[in-house]
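Written out below as structure tokens is the structure these notes cover.
None of the figures in this text is laboratory data; all of them are computed from the coordinates on show. Every value quoted in this text rests on a predicted model; they were computed, and no experiment measured them. Here the Cβ positions follow ideal geometry from the backbone for every residue, glycine too, while neighbour counts run over all protein chains shown.
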Amino acid sequence: MRVLCCLDDTNIEQITHALTTLLHNDTQAVGLLYVTDQGPLEEMERLRIRHLRPHELRGPRREQMQQAEQVASQDILNEGQRFIPGSELLSRKGRPEREIVNCAVEWNADLIVICPRTPGGSALPPGPRSVGHVARFVLDHAPCPVLLVRPMTRNQVPR
């Protein structure tokens, strides 16, 4: 079994707990994927165009941003590997929801493990808006089963 785990900067402990609970010796590979979201950069470029400025950041500022993204990506993957030794580190740039699905196809994943990140990072109780847009897209378009890992809560469901 090939398990693709989707990391953000907050969920490695939840994913590790799920993996240790579920996985057996038949697991061939665990891949840790982190996607650097290019959406905010695209939004900044749209705003720059609206204000009649050059549409791309140039020179040192763009380099600084790319280096910061690279360092953050590597830190998150290294932390993941510390929790799950022997895992394969995968890094992508683009829209996270699409990159996760495409990576699952290319990597031949048998299972995708993802957390239901919500806007602002707040934990919402289960319900219609409890899954962020990335997790929703992956659930709808994944080429294999998806394990949605939620944080532990002991709250009752509202009536």
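Between T36 and R92, K93, G94, the built amide H atoms are under 5 Å apart, and every one of these is 5 or more places off in sequence or on another chain. Packing here is the average count of other Cβ atoms within 10 Å per residue, and on that basis the peptides 3-10, 101-108, highest first, run 3-10, 101-108.
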